[in-house]
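One structure below.
Every read-out reported here was derived from the displayed coordinates using simple, explicitly stated rules and does not represent laboratory data. Quantities reported herein were computed from a predicted structural model and do not represent experimental measurements. For neighbour counting, all protein chains shown are included, and Cβ atoms are generated from backbone atoms with ideal geometry for every residue, glycine included.
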Amino acid sequence: MSARALRVSQASLAISVVLLVLVYFWDLLSLRLQHQLSWCMDHYGTPARFANLLPDRAERVTAGVTDFWGWLPPGVSCTFTDVMTKESETLTPAADRSFFVVVLVAMVLISTAGIVFTRRRH
């Protein structure tokens, strides 16, 4: 029974770690293929605060990645700035990503505890 529990814990740990790494690195991998402004616009659109500038004044809005390693919510945050007024707004990933990451971290901790506990019983 304990050998089976050990295998299940190891498999669960491996799957959780792989999914956790994918969540954090997916945006970064896609960011390398695009300019920051277009990446931010594709992922977040234009903030409502700057809707009055579009489409004929879109050149006034710049965007840049401000947080590559945001933990909660995971992923890349973008700051949009009006070049003339210097007014800015930061947008972050949706909250559901946070819940997913919390579940994955809990699975990693539980799996690690399961591995440690089953190895000690041997």
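Some observations on this one:
- Converting phi to 3J(HN,Hα) with the Karplus coefficients 6.51, -1.76 and 1.60 and the offset θ = phi - 60°, the stretch 91-103 yields 10, 10, x, 5, 5, 4, 5, 5, 5, 4, 5, 4, 5 Hz in sequence order, with x at every glycine or proline.
- With each label modelled as a point 7 angstrom along the Cα→C-beta vector, the A113-I15 pair spans 1.9 nm.
- Extension gain, R120 back to T90 (0.36 nm per residue minus Cα-Cα distance, nm): 6.0 nm
- Once the C-beta distance of V83 and F25 is scaled by a Förster radius of 41 Å, the resulting FRET efficiency is 0.85 to the nearest 0.05.
- With the simple model of a label 7 Å out from the Cα in the direction of the Cβ, V103 to R32 spans 2.9 nm.
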